[in-house]
Each structure stands twice: as structure tokens, then as C-alpha cells.
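What follows is a short report on a single structure.
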Amino acid sequence: MEAVDVVAVDHRRIIIIGSGPAGYTAAIYAARAGHQPLIITGGAPGGQMTTTGDVENYPGFAEPVQGFQLVTDMQAQAEKCGAQIEYDVIVDIDVEARPFRLKGEIGEWTADTIIIATGATARWLGVPGEAEFRGSGGVSACATCDGPFYKGKIVAVVGGGNTAVEEAIHLAGLCKEVHLIHRRDYLSAEKVLIERISRLPNVIFHWRCQINSIGSESENGKFVDHVNIVKVADDSMTKLVVDGVFVAIGHDPATTVLNGKVELDSAGYVKVAPGRTQTNVPGIFAAGDVADPHYRQAVTAAGMGCMAALDAERYLGELC
Ligand code: NDP
């Protein structure tokens, strides 16, 4: 009889999918608890933080820290604690099998528990100038993160949902003027938010308008100083002087691989038990932006990463 090569699949007690603040924090806690977790980074190791400029709101840094530096340090800390990193993208998860089976583009693993920390990505307009000025150039998708850089200045917010209205309200407290640019003639945000924004004298509404391009006419051309907006009704163009643009047209949680396997909400976010990280599949936990349409901050993602590691540890304890 011919010998059959049996390829041993690497088994872990905890596998963490995703390498942003949620994933690395989960790894730090799981590693310190002696579980030798494996982090599978995904296609963009470090996640959204790697393209974030100055971070001023992550506790522990009296001076701004670069997002890339912060997440690189999180990785180093996780590795120092005993976590291992695998640069791969998970393409399939068998949630029926015990242990769970995970298939990557390169590797294959089994795990007693999985922590999903795959994050979400902001939707962008795709107009000229947007990509060029993203980060410290004046285009952002997070008013909580970048709003303080625009104190006393003029900004535009794009969108008409809850996020856009919340961001505009937040910015109105910091900025001289906030121009809300929306392609419809009504807002789809909650009534209470609409009432609140309607009372703000420094919010100017541009109904049925879309940003056509984002530009800079300054000498060095490094910072946004205007947007061109076009009226949907007649294609007429107006130039609006602004110092920054906040794009708030929604986020896409990275849950394609979980579709039909773990319960998601109507927007595609992983559903977790209230105040916990447990998904509908016992042994699978979720942390960070992938399970959080509301806060979306590095520090809240890190907090959820910690919660997920503690929840996974308790689950493993009950398995024994
Ligand atoms: P939404 O999908 O609710 O809104 C997106 C907005 O962006 C819409 O006004 C949409 O307009 C507009 N938009 C989309 N694409 C474009 C484009 N290419 N150009 C111009 N405008 C565009 O996203 P949100 O991030 O606001 O909310 C996501 C989810 O999170 C929602 O379920 C929301 O309720 C929830 N949320 C809840 C909060 C709360 O409870 N306080 C706070 C924040 C979010 P159009 O209608 O024309 O498509």
C-alpha cells in the first residue's frame, strides 16, 4: 500500500483574524494568558491605522503619534507577549467543524476559538483630489479623529445619514462653518439628530448637490482649500472655499467571508450579544469596527479586542 502524506494542520486554541487595534489587543491578552494566539493579518496588515496620520486621541501619548507607528508598536507588543503573526488572507471558515477550520490563500489552520477583528472600510466618493488629500491633506472619514485639526476653520461634510449628521454636529462645535453637502433634498438620519442639526446656525445645507472635485490652489498645493460642487438638477457648478472635507457616506464591514456562517445585521456588521463579543456561533467572537457601526475608534476597537480575548478564554475554560 502506498504511503499517504498527511499534512499536519496547525492547531491553535485562539486564532485572531485581523491586525488592527482590536486584533492586536486581543492577541496581547490571549498571549499573556498563555494561549499562543495566531494573528492572521489580512490583505492590509495593520488595517485603517496604517493610513492614519497624526493620532491625538489614543490615551498614553502626550504628543501626536502616527497611526502607522501606533499599530506597528501594537504588533511588536503582541509578538513580545508571545503572539504569532501569519501574513495571509482567510478565504473560508468551516463554522460547523469542531475545531473550526480556517482556510487562507496560503495556509490552513484549525482553532478552538476564533476572534474576528477584520474591521471596516470607509466608503469614498472617488472624485479627483480625494485620494491625493486623504490623511493630513484635508480629507478625512472621521470627525472625532480629525475634527480638532479644523478648530475655527471651514469644513464640508458629505452625506445625509446618521454618520454625516453626527459628524456635522460634532464639527459645528469646533469649526467656524460646516457645509453639509447631500445629493438628496432630505436627510435620512434619525429625527432627533435632524432636529439638533437644524438648530445650529453655523451649519449650511447644500441640498441635491454632489462634490465633483477636491482641490488646492495654495502655493504648495498640499492642503485642500476648496471643493467644486455640482447641483444635481441642472449640473451647475459652484466653488466652495473649505479647509477640510469629511466624507461620511457609510462604511463597509469586512465580513464577506462570514456571510451565511455568522449572523450579520442588515448592513453586514457581525451581530454580538449586547455588551459582549459573543457571536451567534459559540466559540466565535467579534471585536472592533467589524461589529461596531457606532463608535469606530481605535480605542473602542482595542477595548473590544480585550473583551473578546477574555470571552474566548472563559469559553476555553468551559470546554475543558
Ligand atoms: P448610511 O448608509 O445610513 O448613509 C449614507 C449616506 O451617504 C446617505 O445619505 C447616502 O445618500 C450618502 N451617500 C452614499 N453614497 C454616496 C455617494 N457616492 N455620494 C454622495 N452621497 C452618498 O451610512 P451611515 O454611515 O450614516 O450609517 C450607517 C449605519 O450606522 C446606519 O444604519 C446608521 O443608522 C448607523 N449609525 C447609527 C448612529 C446612531 O445611532 N447614532 C450613528 C452613526 C451610524 P443616499 O440616501 O442618496 O444613498
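The values are calculated or read from the model by the stated rules, or taken from the named source; none is laboratory data. Since we're looking at a predicted model, the values are computed, not measured. With ideal geometry, Cβ positions are generated from the backbone for all residues, glycine too; neighbour counts draw on all protein chains shown. The area values use the complete protein model at the heavy-atom level, side chains included, leaving out ligands, DNA and RNA. Shrake-Rupley method; radii C 1.70, N 1.55, O 1.52, S 1.80 Å.
Which condition from (1) touching a strand residue (DSSP E or B) at 6+ places or on another chain (Cβ under 6 Å); (2) open to solvent by less than 70 Å² (accessible area, probe 1.4 Å) is the one that Gly288 breaks?
The one condition Gly288 does not meet is (1).
Just the residues that are aliphatic (A, V, I, L, M) and free of Cβ contacts under 8 Å to residues at least 40 places away in the same chain, please, taken from segment 60-97.
Filtering segment 60-97 for residues aliphatic (A, V, I, L, M) gives 62, 65, 70-71, 74, 76, 78, 83, 85, 89-91, 93, 95, 97.
The answer is Ala62, Val65, Ala76, Ala97.
Please go through segment 279-320 and give me each residue that is of a type in the set (A, V, I, L, M, F, W, C), part of a loop (DSSP other than H, G, I, E, B) and touching a Cys at 6+ places or on another chain (Cβ under 9 Å), ordered by number.
Ala287, the sole residue that qualifies.
What are the residues in segment 194-211 that are buried (at least 18 other Cβ atoms within 10 Å of the Cβ) and either within 11 Å of the ligand (Cβ to nearest atom) or aliphatic (A, V, I, L, M) (or both), if any? Let's see the steps before the verdict.
Here is the first cut: in segment 194-211, the residues buried (at least 18 other Cβ atoms within 10 Å of the Cβ) are 197, 203, 206, 209, 211.
Answer for segment 194-211, where residues must be buried (at least 18 other Cβ atoms within 10 Å of the Cβ) and either within 11 Å of the ligand (Cβ to nearest atom) or aliphatic (A, V, I, L, M) (or both): Ile197, Val203, Cys209, Ile211.
Looking at (1) more than 12 Å from the ligand (Cβ to nearest atom); (2) open to solvent by less than 20 Å² (accessible area, probe 1.4 Å); (3) modelled with pLDDT under 95, can you tell me which one Ala189 breaks?
Here Ala189 meets the rest and fails (1).
Would you point out the residue of segment 248-267, among those that are in a loop (DSSP other than H, G, I, E, B) and more than 10 Å from the ligand (Cβ to nearest atom), that is surrounded by the fewest Cβ atoms within 10 Å (Cβ to Cβ)?
Gly260
Return the residue satisfying two criteria in turn: it lies in segment 98-153 and is polar (S, T, N, Q) and assigned to a loop (DSSP other than H, G, I, E, B), and of such residues it is modelled with the lowest pLDDT. Full working, then the answer.
The initial filter retains those residues of segment 98-153 that are polar (S, T, N, Q), namely 110, 113, 118, 121, 136, 140, 144.
Those left that are additionally assigned to a loop (DSSP other than H, G, I, E, B): 118, 136.
Numbers: Thr118: 97, Ser136: 79.
So, considering only residues that are polar (S, T, N, Q) and assigned to a loop (DSSP other than H, G, I, E, B), the one modelled with the lowest pLDDT is Ser136.
All but one of (1) open to solvent by 40 Å² or more (accessible area, probe 1.4 Å); (2) assigned to a strand (DSSP E or B) hold for His179, so report the exception by its number.
Among (1) open to solvent by 40 Å² or more (accessible area, probe 1.4 Å); (2) assigned to a strand (DSSP E or B), His179 violates only (1).
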